[in-house]
Amino acid sequence: YQYPDMTVEIWLRPSEITADHQVIFETGGGQNGIAALLNENGLRFIGSAANARTLDVVVPLSGLTLTDFIQVVFSTSADNDTFDVSVKDTFGNSTTASESANVILGGNGAVLFSYGSGGIANGDNNLGGRTELPDQTPAGLTGFLGEIAIVNIYESILDSSEITAAFKNVATAAPAGGA
């Protein structure tokens, strides 16, 4: 996942939301990377470049229905230093956030549900976007508690019409057996 422009679409349904930072997706490592986390404050996206935290965005989930799957779409552009996120529930409620941020995806691959970049000397997990600095570690890292149904990774930035089309492909599927 070394794309200069990248969009990630994840359909997820949390079974429990706690104070801990549940890892949904991460790529890279602490020095260069990005992570999508979930806790009681909402979805948190952290990113780093050259061992410095460059992105820390929290998207509150209030107003969204979480009993069904939600579509989480986030994109990062290394060329333009932008980060955008859109979250939509199956009832059409949505929230968005944007930020200017230099995020380097790192070279350690990507992982769902948990952190996969390995440990560092003191035993902490080398989460993408965390950085190795002691005060930068999100408290209470755990694996994701819930279900992930769909993951799509695009080598481009999706615009709002493409995100809506991806949503409609899943959320408005025809019932089995026809109507």
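The values are calculated or read from the model by the stated rules, or taken from the named source; none is laboratory data. It should be emphasised that the depicted structure is a prediction, and the values quoted were computed from it without experimental measurement. Positions of Cβ are generated from backbone atoms using ideal geometry, with glycine treated the same way; all protein chains shown enter the neighbour counts. The protein model used for the area step is the full one, side chains on, heavy atoms only, and it has no ligands, DNA or RNA in it. Shrake-Rupley method; radii C 1.70, N 1.55, O 1.52, S 1.80 Å.
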Checklist entry - Taking residue 40, is it modelled with pLDDT of 90 or more and open to solvent by 20 Å² or more (accessible area, probe 1.4 Å)? => result yes
Item to check | Residue that is modelled with the highest pLDDT [pool: residues in the stretch 164-179 that are β-branched (Val, Ile, Thr) and within 17 Å of residue 149 (Cα to Cα)] | outcome: 170
Checklist entry - If the Cβ limit is 9 Å and pairs must be 6+ apart or interchain, which residue in the stretch 47-64 that is under 14 Å from residue 97 (Cβ atoms) pairs with which residue that is open to solvent by 70 Å² or more (accessible area, probe 1.4 Å) and among the acidic types (Asp, Glu)? => result 55/99; 56/99; 57/99
Checklist entry - Is there any pair with a first residue in the stretch 153-179 that is small (Gly, Ala, Ser) and a second that is part of a strand (DSSP E or B) and at pLDDT 90 or above whose Cβ atoms are under 6 Å apart and which are 6 or more apart or on different chains, and what are they? => result 166/9
Item to check | Any chance residue 55 is open to solvent by less than 40 Å² (accessible area, probe 1.4 Å), within 21 Å of residue 112 (Cβ to Cβ) and in contact with a Gly (Cβ under 6 Å, 6 or more places away or on another chain) | outcome: yes
